[in-house]
Amino acid sequence: MLDYSMLYPRETVSRRVVSQDGMWKFCLDEQGAGESLNWPEGIPGNEMIPVPASFQDFYTTKEIREYAGDLWYEKDMFVPEEWKEKKILIRFGAATHRAVVFVNGIRIADHEGGFLPFCADVTEVVRYNACNKVVVKVNNELTVTNIPCGQTVTLPTGRKMCKPYFDFFNYAGLQRSVWLTAVPKESIFDIDTDYELDGTDAKVSYTVKTTGEHPVTVELFDAGGHSVARSEGKEGVLSVKGARLWEVRNAYLYRLAIRIMDDGEIVDEYEQEIGIRTVKVSKTEILINGKPVYLRGFGKHEDSDVVGRGFNMGVMKRDFELMKWIGANSFRTSHYPYSEEIYQMADREGFLIIDEVPAVGLFESLMNFMEASTGKKTAFFAKDTTPVLLQAHLRAIEEMITRDKNHPSVIAWSLLNEPETTDEAAVPYFKEVFDRARSLDVQKRPRTFTLVMNSLPGTCKCYQFSDIIALNRYYGWYVSGGYDISNGEVLFRKEMDAWEALNLDKPFLFTEYGADTLASEHKLPSVMWSQEYQDEYLDMTHKVFDSYDFIKGEQIWNFADFQTTEGIMRVNGNKKGVFTRQRQPKDIAYKLKKRWENLPLNYKSDI
Ligand code: BDP
């Protein structure tokens, strides 16, 4: 079990939250000597940098953009006298990929994994009514014992360089918000909810974990603030008469108010928004509230100009507006859990999320999409280091599910992206990963992983673990592209026929398909990379999707162009976006809009 609460910081009668976003002191540490130079007590220089943001794209030298190693951040945080009886925590939305936190020179927390929150409990070391020096050593190196996987090499110049086994730029730093929070010593630690529908009524069952023994009360309020149900105890069931359901693109949120009480006094209070909805997979259907849904939408990235992977509220807003405009109803948080504010927005807007853990690059190749297209087999999970990787992976699954389980928008867990699955060594690894996700999720949401091009009906040893089969396919791009696209279609149908013949009785989703397209290129007749080719590629691919009833969704790769490592396969980034990196439409956006707006929600279902 995690030793800090994952609950999103919120102010209530008993809790205080002070944002620490803004300019922080910053410096690089090429020699990795900061600790021996006493930097935990204060870092050198006057350089300032915004938080949240990736550090890489502010500067004008390649040495900084490509820097691999330790980066140090520093900020003074004022702790008021009134907080004396509270537990004081600094909550980091994310520190990529690992961090050590020092407060007033004392090492107080360590965290591994760059896309999930952690708290440093600083109660014992803070000075009250005074400024406290908070220093964070972040490290952005890639290894094969942590996710996402990659290597860090040393160049002849003596500088280190990260070599990701994945196709997105290794943005790093304090990329999400930081908060100073005060909660009561006896506090609400974790909440689980589950839903059952009964005609027009609903049952909301809940479990609350606290750090003490005082009794708990729970009250449910509708969106207008009216109390609709109450219960006592750390576990219980709330009966909601005439429940308003959370529906796809038609969300309705209730507010669950949880209190720890001591003789009529509130010890702690926390409020959690919830949506009453069920998620189930039955045969080849994905059912929300018992009704079949056909997913349409995107694989995305947290990626934008200047701030890189840093959370940017404006970009988030624009992305949701574009997704609404184009008629999407879902997205996958490829290839890592996103900032929590994005899930909150999806909860309000009624989008469905496939929530992905950062398990990407689990394939022995510098960029798995290249190796996979050659059909070459490698045994990624047979390494000596695999047990260490597995522990990091399980830990990230626990953090992700604990953080995200109460979002109505989250309808499935994606536990790996394009792993190596053709070797037997993958099987026990997958078993642990899938079992762990099942045991952590009270709602028992479907679990999946995305299959790379060489994970085929005849070669993949792991698809049986998935409740939904998720395919990443690039027929007409990496395989048989350009004038050869007719052959791409033949191969594509051959693969789909082989899946059909297996009779798995599970829904299939396309979690990736797409063609790199430069917004600047037009060509008649088309060539690969032109906007015209992206259009023809989609026509072919959609025709195949429409021919198989067990395909229950399409999430195109990618929502927008995004930054990757430089190389011969990428033109200043991956250009498979339906939108440019600046969030303007390529021609294909209008075609997708027409298709998606016209597909019924229960497309290919007779229920
Ligand atoms: C898949 C990966 C994704 C890549 C994409 C591509 O899952 O990260 O960006 O293909 O090649 O291999 O565009």
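The values are calculated or read from the model by the stated rules, or taken from the named source; none is laboratory data. Just so it is clear, the model here is predicted, and its values are computed rather than measured. Cβ atoms come from the backbone with ideal geometry, glycine included; neighbour counts cover every protein chain shown. Only protein heavy atoms, including side chains, enter the accessible area calculation; ligands, DNA and RNA are left aside. Shrake-Rupley method; radii C 1.70, N 1.55, O 1.52, S 1.80 Å.
Close contacts from region 70-90, counting a first residue that is in contact (Cβ under 8 Å) with a residue 12 or more places away in the chain and a second that is in a helix (DSSP H, G or I), with Cβ to Cβ under 7 Å and a gap of 6+ residues or different chains, come to TRP72/TRP39. Filtered by the rule that a residue be open to solvent by 50 Å² or more (accessible area, probe 1.4 Å) and over 30 Å from TRP413 (Cβ atoms), region 471-490 gives TYR483, ASP484, SER486, ASN487, VAL490.
Residues checked against (1) surrounded by fewer than 24 Cβ atoms within 10 Å (Cβ to Cβ); (2) away from the ligand (no atom under 14 Å from the Cβ); (3) modelled with pLDDT of 95 or more; (4) not assigned by TED's automatic domain parsing to the domain that holds GLU532:
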residue	(1), (2), (3), (4)
ILE469	no, yes, yes, no
ALA501	yes, yes, yes, no
ASP505	yes, yes, yes, no
ALA515	no, no, yes, no
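How many residues does region 440-461 contain that are over 18 Å from the mean Cα position of the chain (by Cα) and within 16 Å of the ligand (Cβ to nearest atom)?
6
Only one of the listed residues (ALA372, ALA382) is at pLDDT below 95, among the hydrophobic types (A, V, I, L, M, F, W, C) and within 16 Å of the ligand (Cβ to nearest atom). That residue is ALA372. Any idea which residue in region 57-87 is nearest to VAL103 (Cα to Cα), counting only those that are within 30 Å of the chain's Cα centre (by Cα) and among the basic types (Lys, Arg)? Only one residue tops the list, namely LYS75. Filtered by the rule that a residue be open to solvent by 50 Å² or more (accessible area, probe 1.4 Å) and within 16 Å of the ligand (Cβ to nearest atom), region 149-204 gives a lone residue, LYS163. Residue by residue through region 277-329, note down the ones that are among the polar types (S, T, N, Q) and closer than 30 Å to ASP198 by Cβ. Listed by number, the residues that qualify are THR278, SER282, THR284, ASN289, ASN329.
Kindly provide the set of residues from region 517-532 that are away from the ligand (no atom under 15 Å from the Cβ) and open to solvent by less than 10 Å² (accessible area, probe 1.4 Å), ordered by number. Hit for region 517-532 is SER530, nothing else. Residues of region 331-351 that are within 13 Å of the chain's Cα centre (by Cα) and not in a helix (DSSP H, G or I): PHE331, ARG332, THR333, SER334, HIS335, TYR336, PRO337, TYR338, SER339.
Here's the yes/no breakdown for (1) away from the ligand (no atom under 15 Å from the Cβ); (2) buried (at least 17 other Cβ atoms within 10 Å of the Cβ):
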| residue | (1), (2) |
| --- | --- |
| ASP546 | yes, no |
| ILE551 | yes, yes |
| TRP557 | no, yes |
| THR564 | no, yes |
| MET569 | no, no |
| GLY573 | no, yes |
| GLY577 | no, yes |
| TYR590 | yes, no |
| LYS594 | yes, no |
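If the condition is being among the charged types (D, E, K, R) and either assigned to a loop (DSSP other than H, G, I, E, B) or not assigned by TED's automatic domain parsing to the domain that holds TYR474 (or both), then region 558-588 contributes ASP561, GLU566, LYS575, LYS576, ARG581, ARG583, LYS586, ASP587. Being assigned to a strand (DSSP E or B), touching a Phe, Trp or Tyr at 6+ places or on another chain (Cβ under 9 Å) and surrounded by fewer than 18 Cβ atoms within 10 Å (Cβ to Cβ) is a description that applies to VAL17. Considered as a group, the residues in region 414-431 that are small (Gly, Ala, Ser) and either within 16 Å of the ligand (Cβ to nearest atom) or part of a loop (DSSP other than H, G, I, E, B) (or both) include one that is most open to solvent (accessible area, probe 1.4 Å), and that residue is ALA425. For region 31-57, the tally of residues that are open to solvent by less than 40 Å² (accessible area, probe 1.4 Å), of a type in the set (A, V, I, L, M) and part of a loop (DSSP other than H, G, I, E, B) stands at 3. Being crowded, with 18+ Cβ neighbours inside 10 Å, hydroxyl-bearing (Ser, Thr, Tyr) and more than 30 Å from VAL293 (Cβ to Cβ) is a description that does not apply to TYR254.
Pairing each residue of region 432-451 that is assigned by TED's automatic domain parsing to the domain that holds GLN555 and aromatic (Phe, Trp, Tyr) with any residue that is open to solvent by 10 Å² or more (accessible area, probe 1.4 Å) and away from the ligand (no atom under 16 Å from the Cβ), provided the two are 6+ apart or on different chains, yields C-beta distances under 6 Å for PHE434/ARG447; PHE434/PHE465. Suppose the filter is surrounded by fewer than 22 Cβ atoms within 10 Å (Cβ to Cβ) and in a loop (DSSP other than H, G, I, E, B); does LEU28 pass it? The answer is no for LEU28.
Residues considered: SER282, SER339, SER330. Of these, the only one that is of a type in the set (S, T, N, Q) and either open to solvent by 20 Å² or more (accessible area, probe 1.4 Å) or within 16 Å of the ligand (Cβ to nearest atom) (or both) is SER282. Looking at the structure I just gave you, is ARG403 more than 16 Å from the ligand (Cβ to nearest atom) and either of a type in the set (Lys, Arg) or at pLDDT below 95 (or both)? Considered against the rule, which asks whether it is more than 16 Å from the ligand (Cβ to nearest atom) and either of a type in the set (Lys, Arg) or at pLDDT below 95 (or both), ARG403 comes out as yes.
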